[in-house]
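The values are calculated or read from the model by the stated rules, or taken from the named source; none is laboratory data. Since the model is a prediction, treat every value here as computed from it, not as a measurement. Glycine gets a Cβ as well: all are built from the backbone with ideal geometry, and neighbour counts include every protein chain shown. What goes into the accessible areas is simple: the full protein's heavy atoms, side chains included, and nothing from ligands, DNA or RNA. Shrake-Rupley method; radii C 1.70, N 1.55, O 1.52, S 1.80 Å.
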Amino acid sequence: MRVLALLDGTLADPGTPLIRVDDLGLVRGDGVFETVLVVAGEPRELGHHLDRLARSAAMLDLPEPDRAAFERMVGLVVDNWAGGREMALKLVYTRGVEGGDGTPTGFALGTDISAKVAGQRAAGLAAVTLERGVEPGLAERAPWLLLGAKSLSYAVNMAALREAERRGAAEVVFTTSSGSVLEGPTSTLVLVRGRELVTPPSTLGILPGTTQAALFRAATREGWTVKVEPLVVDELYAADGLFLVSSVRKITRVHTLDGKALPDSTALHAELVALYEALY
Ligand code: PLP
């Protein structure tokens, strides 16, 4: 099941070609996106996703996204969805056609959650650490690298996932050359130590996650301590649980890191999922 809405407020057939071949989003990856989880017709964290879309667009010097138009597209897709209880809703916003009048291209596409993601939510996954060659301070020193923007240029992230598969794993934990932990290619890393949740700071040049923020909100209410601080790889092995979180995958347990089994965090996983779901 797929439902497509366009920035002008119309619905379109997702099977029909619509994007021009000279769209800069296509030929340069010059645009931004968001993926929102919709459950039983309710988009989760939509305000935060739209805030982040605007922040990413500003980092790329794109025109400010028309928030009302994006909200309208979301409503259109949700109202016309006749698929399963959950939907992945992708919002895309590009610089428009090369040499054009600067009108951005925008659309919202709702799709089913893949069986692969659903399986990983339930069973957990194996991850590998891979270097991303980003050192602390770089994001601030070199804003043109767009570190921490959710740009359409995700070819590197996808290549890292293929490398993980070659190494017999399903996911990646990016690290700096000096062994600091960053994030997954499409997820935020959350570590559990006792009754404490820890995630690396977005100042390292990683995406501030809406799911991580939601989980921290829920955990704080229940008396957990939450920390945003740098982590090194050794701390991942010493943790009680390691999780990759994102809108579509929700909270996914990492059971194996670089071929080594991590402590069993099945019960912890169930506890975090319950915390997170109680928010909605
Ligand atoms: N980090 C990166 C690089 C991502 O692409 C994503 C989402 O796709 C996330 C983290 C998690 O963000 P969210 O929880 O808002 O989905």
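Annotations for the structure displayed:
- Filtered residues of the range 213-234 (kept if of a type in the set (V, I, T) and either surrounded by 14 or more Cβ atoms within 10 Å (Cβ to Cβ) or in contact (Cβ under 8 Å) with a residue 40 or more places away in the chain (or both)): V226, V228, V232, V233
- Any hit, the range 181-199, residues being without any contact (Cβ under 8 Å) to a residue 24 or more places away in the chain and not aromatic (F, W, Y): no
- Filtering the range 60-89 to residues that are crowded, with 17+ Cβ neighbours inside 10 Å and closer than 25 Å to G205 by Cβ leaves L60, L62, P65.
- Every listed requirement among (1) open to solvent by 40 Å² or more (accessible area, probe 1.4 Å); (2) within 26 Å of T210 (Cβ to Cβ) is met by D13 save one, (2).
- Some residue of the range 133-154 being among the small types (G, A, S), in a helix (DSSP H, G or I), open to solvent by less than 50 Å² (accessible area, probe 1.4 Å) and within 16 Å of the ligand (Cβ to nearest atom): yes
- Under the condition of being open to solvent by 20 Å² or more (accessible area, probe 1.4 Å) and part of a helix (DSSP H, G or I), the residues counted in the range 239-274 number 8.
- Within the span defined as the range 249-260, one or more residues are more than 23 Å from the chain's Cα centre (by Cα) and more than 30 Å from G84 (Cα to Cα).
- Every residue from the range 196-225 that is within 15 Å of the ligand (Cβ to nearest atom) and β-branched (V, I, T): T199, T203, I206, T210, T211
- Lone qualifier among P208, P201 - being crowded, with 18+ Cβ neighbours inside 10 Å, at negative phi and out of contact with any Leu (no Cβ under 6 Å at 6 or more places or on another chain): P208
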